[in-house]
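Below is one structure, written out as structure tokens, with a few remarks after it.
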Amino acid sequence: AQSVTQLDSQVPVFEEAPVELRCNYSSSVSVYLFWYVQYPNQGLQLLLKYLSGSTLVESINGFEAEFNKSQTSFHLRKPSVHISDTAEYFCAVSEPGGYNKLIFGAGTRLAVHP
Amino acid sequence: KAGVTQTPRYLIKTRGQQVTLSCSPISGHRSVSWYQQTPGQGLQFLFEYFSETQRNKGNFPGRFSGRQFSNSRSEMNVSTLELGDSALYLCASSSRPNEQFFGPGTRLTVL
């Protein structure tokens, strides 16, 4: 069975500092990997995804994540965060052939302070 | 294009009652998935419908059911509500695999 572990439940950081949100997964088969962001009182928004190809994927708002198969990780990074990045971030996996079923991690609350 | 809409946004019910939540997908999207989000269990997959057929199901009791109509709109129903069913219920629609768009959710409170 697949599972996702987000190693930090909360990450406080100062504005303009770099941040890394950690995600590890467990699966006996190949997986697709996703990062979603949830702002207060809103649904989830897809930040970026890894399906195949280059192991480094980027989002339009400066986040990037690297798929590391040997370490079964998909950590999310941003070199310089803004106050507006304050939100909850979820790592998720799906299995090829599993249609749209996503298995989510518990989430990491990113709090950016001025 | 309008996004995924969910109605109602907030709902209060009492134990033992039943509830129906509605989801209207993005126009042209034929897949609708439902998720339950709680502080204790996090985000959990309930089921997915595609062209009016359930093609994937999570590990929830039979009290949770759903359906999809010919216009791709979907409803989920929870019967005999329990306190633990209090949650944010999220709906997501998709026109292709691995690209889901989520609605704002329906917050259900069971008293």
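The values are calculated or read from the model by the stated rules, or taken from the named source; none is laboratory data. Note that this is a predicted model, so its numbers are computed, not measured. Neighbour counts are summed over all protein chains in view; Cβ atoms, including those assigned to glycine, are modelled from backbone coordinates with ideal geometry. Areas reflect the complete protein model, heavy atoms only, side chains present, ligands, DNA and RNA absent. Shrake-Rupley method; radii C 1.70, N 1.55, O 1.52, S 1.80 Å.
Which one is surrounded by the most Cβ atoms within 10 Å (Cβ to Cβ) among residues in region B:94-103 that are part of a loop (DSSP other than H, G, I, E, B) and modelled with pLDDT under 95? Quick ask: steps written out before the conclusion?
Applying the first criterion (part of a loop (DSSP other than H, G, I, E, B)) to region B:94-103 yields B:95-99, B:103.
So of that shortlist, the ones also modelled with pLDDT under 95 come out as B:95-99.
On the way: B:S95: 14, B:R96: 10, B:P97: 15, B:N98: 18, B:E99: 16.
Among them, the one singled out is B:N98.
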*Cβ-Cβ below 7 Å, separation at least six or inter-chain, first residue in region B:46-66 and aliphatic (A, V, I, L, M) and modelled with pLDDT of 95 or more, second open to solvent by less than 60 Å² (accessible area, probe 1.4 Å) and in a strand (DSSP E or B): which pairs?*
B:L46/B:W34; B:L46/B:Y35; B:L46/B:Q36; B:L46/B:F64; B:L46/B:M76
*Go through the residues of region A:33-46 one by one and say whether even a single one is modelled with pLDDT of 95 or more, open to solvent by 80 Å² or more (accessible area, probe 1.4 Å) and part of a loop (DSSP other than H, G, I, E, B).*
no
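Could you grab me the full set of residues in region B:62-84 that are of a type in the set (A, V, I, L, M, F, W, C) and closer than 12 Å to B:L21 by Cα?
As a first pass, look at region B:62-84 and keep what is of a type in the set (A, V, I, L, M, F, W, C): B:64, B:69, B:76, B:78, B:81, B:83.
Result: B:F64, B:M76, B:V78.
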*Would you mind finding the one in A:S52, A:S70 that is free of Cβ contacts under 8 Å to residues at least 24 places away in the same chain, under 19 Å from B:Q100 (Cβ atoms) and not in a strand (DSSP E or B)?*
A:S52
*Can you work out which of the residues in region A:73-93 that are within 11 Å of the chain's Cα centre (by Cα) and of a type in the set (S, T, Y) is farthest from the other protein chains (Cβ to nearest Cβ)?*
A:S73
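To keep it simple, each residue is scored yes or no on (1) within 16 Å of B:Q6 (Cα to Cα); (2) within 11 Å of another protein chain (Cβ to nearest Cβ); (3) touching a helix residue (DSSP H, G or I) at 6+ places or on another chain (Cβ under 8 Å).
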position: B:S65; (1), (2), (3): no, no, no
position: B:N71; (1), (2), (3): yes, no, no
position: B:V78; (1), (2), (3): yes, no, yes
position: B:L81; (1), (2), (3): no, no, no
position: B:C91; (1), (2), (3): yes, yes, no
position: B:S95; (1), (2), (3): no, yes, no
position: B:E99; (1), (2), (3): no, yes, no
*Within region A:59-114, can you find the residues that are touching a His at 6+ places or on another chain (Cβ under 7 Å) and either aromatic (F, W, Y) or open to solvent by 40 Å² or more (accessible area, probe 1.4 Å) (or both)?*
A:E66
_Hits in region A:10-32 (condition: modelled with pLDDT of 90 or more and open to solvent by 80 Å² or more (accessible area, probe 1.4 Å))_ = A:Q10, A:P12, A:F14, A:E16, A:P18, A:R22
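With the requirement that a residue be part of a loop (DSSP other than H, G, I, E, B) and either at pLDDT below 95 or open to solvent by 50 Å² or more (accessible area, probe 1.4 Å) (or both), what does region B:80-93 give you? Reasoning before the result, please.
Taking region B:80-93 and keeping what is part of a loop (DSSP other than H, G, I, E, B), we get B:80-82, B:86.
Hits for region B:80-93 are B:T80, B:E82.
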*Being under 16 Å from the mean Cα position of the chain (by Cα), of a type in the set (S, T, Y) and either assigned to a loop (DSSP other than H, G, I, E, B) or within 12 Å of chain A (Cβ to nearest Cβ) (or both) is the filter here, so list the residues in region B:1-50 that pass it.*
B:T5, B:Y10, B:S31, B:S33, B:Y35, B:T38, B:Y49
